[in-house]
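Working notes, structure below.
Throughout, read-outs are computed from the coordinates displayed, never taken from laboratory work. Being a predicted model, the structure only gives us computed values, none of them experimental. Counting neighbours? That spans all protein chains shown, and the Cβs are built from the backbone with ideal geometry, glycine included.
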Amino acid sequence: LPLTAEVIDDHLVVGGVDLVALAREQGTALYVYDEADLRDRMRRYRTAFGRVYPNSGVLYAGKAFMNKEVLRIAQQEGMELDVSGGGELACARAVGFPMNLVHMHGNNKTPAELREAIGAGVGIIVADSRIEVGRISQIAGELGVTQRIYMRITPGVEADTHEYIRTGCEDSKFGFTMQDDFAFRCVKDVMAFPHVKLAGFHCHIGSQIFSLNPFREAAQVMVGFLARVRDTYGLEVEELDLGGGLGVAYTAEDQPSSIEDFAQVVGGAVTEFCQRFELRPPRLLVEPGRSLVANAGITLYTVGIIKTLPDIRKYVAVDGGMSDNIRTALYHADYEPVIANKAGQPRMQIVTLCGKHCESGDVVALDMPLQQPDLGDVVAVLATGAYCHTMASNYNGQPRPAVVFVRDGQARVVTRRETYDDLMRRDL
Ligand code: LLP
């Protein structure tokens, strides 16, 4: 549940706003975010890292949830920003996010995107390959600037998460591999490009990771790498970015590590290994996405159909589904549904919350407990704040839901619902 959630007269209330009334007023499906929760997690990240490792920064990984308002809030809360392409960069520019605090990611940024980023003056481009470093240097030269870059390294750390979101192992499309010392040898080539400055190194071992050990391992590998680069090439880089990946609780059974423990382990490991390798501690960056926004978000739906198959399953169909939340279909993710107008009642039924799309795999929550459902109930699906809105589609001509931020009893629409006209706007 988000930070400010409470149950009043059987209704789920977040940010002082009755979600049942909000659903009736705004229509469903609807993404709702607890603004206090968002801000609290951003502050906790900054405070926790500031304590263990003062020379640090926290980048918000915008791919988890992106619109103008979340970027304004991130800026107010002292976040830096990781964008994963030209579209996210355009959003950052539209709200005046300071470009020196923006890092651009991607394993195959197009030349046009690189030109946009370099032209806009982004602080860092995270280079994913040697081919890309050449492109960056050439474009920077044409624009008459020197672009600061990181090299993204694949540190060969295996994290226990879904294979689709595992990125740090050797067999990966991302980054410079460490196999055969390839990444290390490339450093020399990268240093020779005229219009780039190698400011640091980056790794990201994966996403939705509960154990902190892989982060410690990654810190060790990366600090060791930095020390070798200094010893061999005489280059002491200024920055080390260890990526995102801290997991969150989607259901009550999930036990992720806390933001504070994550900071303690990551900051502590970098300090420890810098001492061991006698390396001057670099500026440390992390780039969390999910752990900042997942738990702040709730999706509201209205129950339209209930179908009971005796001895098999009870299907509760809602007015959304895989178009606003693809994660269950794609990763077998678990979500907890709650009937917002019966929030104080026990969840005694096992149901499958399915969507309205033309696919059997269109499921939001598979065999999860729910209160006794009735037609017209408002169902709140919890912890949908990350990778739902940003991965939404218009499948079956479904307009994407509005996004509402709630705080202190006020609800603000920050992204309006799509219209049928929006769906046809690009058709000639
Ligand atoms: N930095 C880089 C370079 C990344 O690739 C990612 C996520 C992050 C940071 C943020 O990771 P987080 O803190 O959110 O775990 N669509 C999938 C997740 C894909 C993650 C992609 N990269 C999902 O819904 O689970």
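For the range 178-195, putting each phi into the Karplus relation 6.51 cos²θ - 1.76 cosθ + 1.60 with θ = phi - 60° gives couplings of 8, 4, 6, 6, 4, 4, 4, 5, 5, 3, 4, 4, 4, 4, 8, 5, x, 10 Hz, in residue order, rounded to whole numbers and with x for Gly and Pro.
Exposed loop sites, defined as GluC sites (Glu not before Pro) outside DSSP H, G, I, E and B with at most 11 other Cβ atoms within 10 Å, are absent from the longest region of the chain, namely 1-252. When shorter helices are ignored and each DSSP H run of at least 4 residues is given -39500 (n - 2.57), the per-residue value for the chain at 222 nm works out to -9500 deg cm²/dmol.
Placing pseudo-labels 7 Å out from each Cα toward the beta carbon at residue 10 and residue 366 gives an inter-label distance of 3.3 nm.
Remark: the range 297-311, residue by residue, has Karplus-estimated 3J(HN,Hα) of x, 9, 10, 9, 9, 10, 6, x, 9, 10, 10, 9, 9, x, 6 Hz, where x stands for each Gly or Pro and the curve is 6.51 cos²θ - 1.76 cosθ + 1.60 at θ = phi - 60°.
The length gained by stretching the chain between residue 142 and residue 233 to full extension, at 0.36 nm per residue less their Cα-Cα distance, is 30.0 nm. With the simple spin-label model, which puts each label point 7 Å out from Cα in the Cβ direction, the residue 306 to residue 182 separation comes to 5.6 nm.
Database remark: amide H of residue 82 closer than 5 angstrom to the amide H of 60, 61, 62, 103 (H placed geometrically; neighbours at sequence offset of 5 or more, or on other chains; Pro and chain starts carry no H).
Once the Cβ-Cβ distance between residue 252 and residue 416 is put in as r, and R0 is 22 Å, what FRET efficiency do you end up with, to the nearest 0.05? E between residue 252 and residue 416, to the nearest 0.05, is 0.10.
Computed from label points 7 Å out along Cα-Cβ, the spacing between residue 173 and residue 424 is 3.5 nm.
Based on alpha carbons, the Rg and Dmax found for the chain are 22.7, 72 Å. Taken about its Cα centre, the range 53-293 carries a charge dipole of roughly 760 debye when the Cβ of each Lys and Arg holds +1 and the Cβ of each Asp and Glu holds -1.
Checked against a 24 Å cut-off, the cross-linked pairs 63/188; 68/173; 68/342; 68/109 give Cα-Cα distances beyond that limit for 63/188; 68/173; 68/342.
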